[in-house]
Amino acid sequence: MQIYPIHTSFTAGEAFELAVQPKRRFGVAIYQQAGDELLLFCSGVAVEGQKNVKASLVHGHYIFESAGSTETEQFDHDWNWPTIRIRPDLPAPDALSSGAYVAVAYEVTAAGKPRDETGRRCLGRKPVSGSPPSSDSMALVIVRPRTPRAPIAYIVPVATYHAYNSIGGGCYYNDPIHRRPAALEVSLRRPGGGFGAQLGEPVDPYDSASPRQQFSHWDAKFIRWLRAEGVECDFYTDLDLHEGSALDLTKYRCMLSVGHHEYWSHEMREHVARFVEQGGNLAVFSGNTCYRPVRFSRDSAGNPIGMRKLAGDWDLLTEKPNDDPRACGNERHLIGLSYSYGGGHYGRWKRWRGGWINRKRGAVGFTVARPEHWVFTGTGLKKGETFGADDRLVGYEVDGLPPDEPHTGFETLASTRQLVGWEMGGIGAFGMFRPKNLAGTLSEGEVFNCGTTDWARVLLDTRAKSNLVVQRITRNVVHRFIGLSFDGAAQQAQGGAPREATETPAVGDTAAI
């Protein structure tokens, strides 16, 4: 069955609303993305209210029956499905920590017995897979902290998930599999915002187990790495970043943008620009980042319920609320790189040949330009050496620099060869950036940008040849940005240059893992 959250995030200790498919009998369990490949059982649920849903206790577990119409809903409308207001059933309501959680709905018989293996695992409190087909009955729910407690704000890109989700008949892209044309508006009140989407995407030849444009393909991998490293994060969605009320970036040293964080609003850009200007650090382990502008629409209560694409990219945008290029110009003014100057490799759709073909990419990696930079500490990489080519680290989308403007303020640490045959066909880059404000003054904070969507895949794949290098670079950036390699926030806030990163073992040493 299908479900979706009414709001993409909620505060720890509070209840949240879950919309459920009509005319179903089911149970619900809460799972968490922790350090394991499978989702781990977190809790059952306590009911605090329902609309067009009957709740009853059967053998100590809540069983729900939903009413309502089963008519097909449209991709650009609020689906208005029956709802239940629930919270994790924990001894202390505020025991749930900030993180990425998954609500799992499983159909049951009148006696409360699960009808499939996923349901049986839920009832038995066993781990479940976050990939299809199990993910079709899941909803991503992000738990915000009651008060900021970690040095990092991790932003989950729910807007991008919905942009590619064609459930209900459409999304922002042509869907050749389901034969649906591209649209300009999509609803956030429908299934598919991280799990259970209907996609017209080709299968990733380097990770066929999880579909692109889904949580399990991008963010889950990076979160698992953070957990293994013991790095603490507070979690939010890009809607929290847009609103700027539940999320106060000034409470953090670093903001993380991971995977495929493509769709941004003006407000998101403004909040991040101000954060970096005032001394915050932005770590971008994503590709095609901030490439397309959107505006969120609201319901009568002021809650975001839909999303409209404003233009193909920021350069084509005519609606500019201010003159600050960090908030409305080409995204390189904010993050240093742009997909406009990089490229993408997807394969080709051939209807009469059974779908997507030529999905595999050539062996493209990053060639090191500045091996002495602290980002490369402990990697052992030398100038002119290329890493990541065998693992297809570069792609499936990668960002770059304009060839006719070499002095953009971006410090190129490594770059790719010309991406011949890719969309855009530019040169990908990787490095550091300090944005300027309207007065031309450099920001107090820094931006690291890896420029590629597939960073998280290689980061977690211990079989990849460049895995240890990618891990080490990621560790260097995260530690530096949260102050583990220098005196910390006080010095950073004063604009002082941080000391050189503490020397740590080389990649070949097990202590570096």
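A short reminder: the numbers here are calculations on the coordinates, not readings from a lab. Quantities reported herein were computed from a predicted structural model and do not represent experimental measurements. Cβ: placed from backbone, ideal geometry, glycine included. Neighbour counts: every protein chain shown.
State the Kirkwood hydrodynamic radius of the range 184-242 in Å, one decimal place, computed from all pairs of distinct Cα atoms.
13.6
Suppose the chain between Lys23 and Glu37 were pulled fully straight at 0.36 nm per residue; how much longer would it get relative to their current alpha carbon spacing?
1.8 nm
Along each of its three principal axes, how wide is the spread of alpha-carbon positions in the range 162-261, in whole angstrom units, largest first?
In descending order, the Cα extents are 45, 33, 16 Å.
What is the set of long-range amide H partners of Leu413 at a cut-off below 5 Å, with H atoms built 1.01 Å from backbone N?
The list, which skips near neighbours in sequence, is Phe430, Gly431, Met432.
Skipping prolines and chain starts, which residues have an amide H placed within reach, meaning under 5 Å, of the one on Gly259, given they are 5 or more residues away or on another chain?
Placed amide hydrogens put Phe285, Ser286, Gly287, Ala456 under 5 Å from Gly259.
On a full-extension model of 0.36 nm per residue, what is the gain between Glu319 and Gln74, subtracting their alpha-carbon distance, rounded to one decimal in nm?
Separation in residues times 0.36 nm, less the Cα-Cα distance, equals 85.4 nm.
Roughly what angle does helix 266-277 make with the longest principal axis of the chain, taking Cα atoms, 0 to 90 degrees, to the nearest 10?
50
State, to one decimal in nm, how far the label point of Asp116 lies from the label point of His59, with both points 7 Å from Cα in the Cβ direction.
So the label points at Asp116 and His59 sit 2.0 nm apart.
Could you give the size of the charge dipole of the chain about its Cα centre, using +1 on the Cβ of each K and R and -1 on the Cβ of each D and E, expressed in debye and rounded to the nearest 20?
In total the dipole reaches around 1300 debye.
By its C-alpha gyration tensor, with a ≥ b ≥ c as the square roots of the eigenvalues, how is the range 254-512 shaped: rounded for a/c under 1.5, else prolate for a/b larger than b/c, else oblate?
In terms of gyration-tensor shape, oblate.
What is the list of residues in the range 387-413 whose amide nitrogen lies under 17 Å from a point 7 angstrom out from the Cα of Lys465, following Cα to Cβ?
387-395
Work out the FRET efficiency for Glu107 and Glu229 from their Cβ-Cβ distance, taking R0 = 30 Å, and round it to the nearest 0.05.
After rounding to 0.05, the efficiency reads 0.20.
For the range 222-320, divide the Cα radius of gyration by the Kirkwood radius and give the resulting Rg/Rh value with two decimals.
Ratio value, two decimals: 0.98.
Rounded to the nearest 10 degrees, what's the angle between the helix 219-229 long axis and the longest principal axis of the chain, both from Cα atoms, 0 to 90?
Roughly 70 degrees, rounded to the nearest 10.
If Lys and Arg each add +1 and Asp and Glu each add -1, what is the summed charge of the other residues whose beta carbon sits under 12 Å from the beta carbon of Ser66?
+3
So which of Lys51/Lys320; Lys221/Lys320; Lys221/Lys382; Lys309/Lys465; Lys221/Lys436; Lys23/Lys126 end up more than 31 Å apart by C-alpha?
Pairs exceeding 31 Å: Lys51/Lys320; Lys221/Lys320; Lys309/Lys465; Lys221/Lys436.
Amide H of Tyr341: which non-local residues (sequence gap of 5 or more, or other chain) have their own amide H closer than 5 Å, using H built in the peptide plane?
Residues meeting the amide H criterion: Gly400.
Compute the helix-to-body angle for 467-482: its Cα long axis versus the longest principal axis of the chain, expressed 0 to 90° and rounded to tens.
For 467-482 against the chain, the angle is about 90 degrees.
Rounded, prolate or oblate: which fits the range 82-165 when a ≥ b ≥ c are the square roots of the eigenvalues of the alpha-carbon gyration tensor, with rounded for a/c under 1.5 and prolate only if a/b beats b/c?
Taking the square roots of the gyration eigenvalues as a ≥ b ≥ c, the range 82-165 is oblate.
Given Cβ point charges of +1 (Lys, Arg) and -1 (Asp, Glu) and nothing else, what value in debye, to the nearest 20, does the dipole of the range 340-454 about its Cα centre take?
Approximately 740 debye in magnitude.
Tell me, Kirkwood radius of the chain from alpha-carbon pair distances, in Å?
23.4
Suppose R0 equals 25 Å. What FRET efficiency, 1/(1 + (r/R0)^6) with r the Cβ-Cβ distance, do Arg146 and Asn303 give to the nearest 0.05?
After rounding, the FRET efficiency stands at 0.80.
Using alpha carbons only, how many angstrom separate the centre of the range 138-194 from the centre of the range 313-344?
About 22 Å separates the Cα centre of the range 138-194 from the one of the range 313-344.
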